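One structure below.
The values are calculated or read from the model by the stated rules, or taken from the named source; none is laboratory data. All of these numbers come straight from a predicted model, not from anything done at the bench. Reconstructed Cβ throughout: ideal geometry from the backbone, glycine too, with neighbour counts over all protein chains shown.
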Amino acid sequence: MKERQDIWQTLYETAKREYAPAELTPFVCARHVVSAIEAEDGQIFTGFCVEGLCGTMNLCAERAALLNMYAQSGQTRAKRVITFRDRPPYGSGSGMPCGVCREFFYQLNEKNKDTEFLVDYAARETVTLKELLPDWWGKERSPEEEKQTSI
């Protein structure tokens, strides 16, 4: 009997197909960090990082996956995210989104506060965006907050 695959395994295998580190030019490298996002409706979207020496051109794998999710489906709500380099997240801070990515998840949809990020693949340990960024500065300006305070 074939064992049922869990969502984290599906996300890992989907993202792993994008992993193909490449030096595009002496100034730009790509695909050495990959990400897969499960959207609110269950679709999976991927992204990979692109980094240039100037720094301002960098695009993290998570933001690339979010942009792909929005461009391909119009969705802004992410349920689960896995991000890694050459192996699945293994604890000790691996798989964590950078500050810019955390901010973009929140700004794209305040409900992303409940998005789970996988921090340890073997243990299936996760952390939510609200745990990573509990006092988000934009909370009071978000449409979600306005609905709660206008009642």
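Below, the figures for the structure above:
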| item | result |
| --- | --- |
| Selection count, region 76-91, where residues are buried (at least 22 other Cβ atoms within 10 Å of the Cβ) and of a type outside the set (A, V, I, L, M, F, W, C) | 2 |
| Residue selected from region 1-53 under the condition among the aliphatic types (A, V, I, L, M) and in contact with a Cys (Cβ under 7 Å, 6 or more places away or on another chain), by the criterion surrounded by the fewest Cβ atoms within 10 Å (Cβ to Cβ) | ALA22 |
| Residue among ILE44, ILE37, ILE7 that is touching a helix residue (DSSP H, G or I) at 6+ places or on another chain (Cβ under 6 Å), farther than 16 Å from LEU132 by Cβ and of a type in the set (Val, Ile, Thr) | ILE44 |
| Identity of the residue in region 92-136, aromatic (Phe, Trp, Tyr) and assigned to a helix (DSSP H, G or I), that ends up surrounded by the fewest Cβ atoms within 10 Å (Cβ to Cβ) | PHE104 |
| Those strands (runs of 3 or more DSSP E) lying entirely in region 1-91 with at least 3 residues over 10 Å from the mean Cα position of the chain (by Cα) | 28-39, 44-52 |
| Filtered residue count, region 1-57, keeping only those that are among the hydrophobic types (A, V, I, L, M, F, W, C) and more than 21 Å from PRO88 (Cα to Cα) | 7 |
| Residue count for region 22-58, restricted to those that are over 22 Å from LYS79 (Cβ atoms) and without any contact (Cβ under 8 Å) to a residue 40 or more places away in the chain | 19 |
| Failed condition for ASP120, given (1) in contact with a Pro (Cβ under 7 Å, 6 or more places away or on another chain); (2) closer than 19 Å to VAL50 by Cα; (3) not β-branched (Val, Ile, Thr) | (2) |
| Criterion: modelled with pLDDT of 95 or more and touching a strand residue (DSSP E or B) at 6+ places or on another chain (Cβ under 6 Å) - qualifying residue of LEU118, LEU108 | LEU118 |
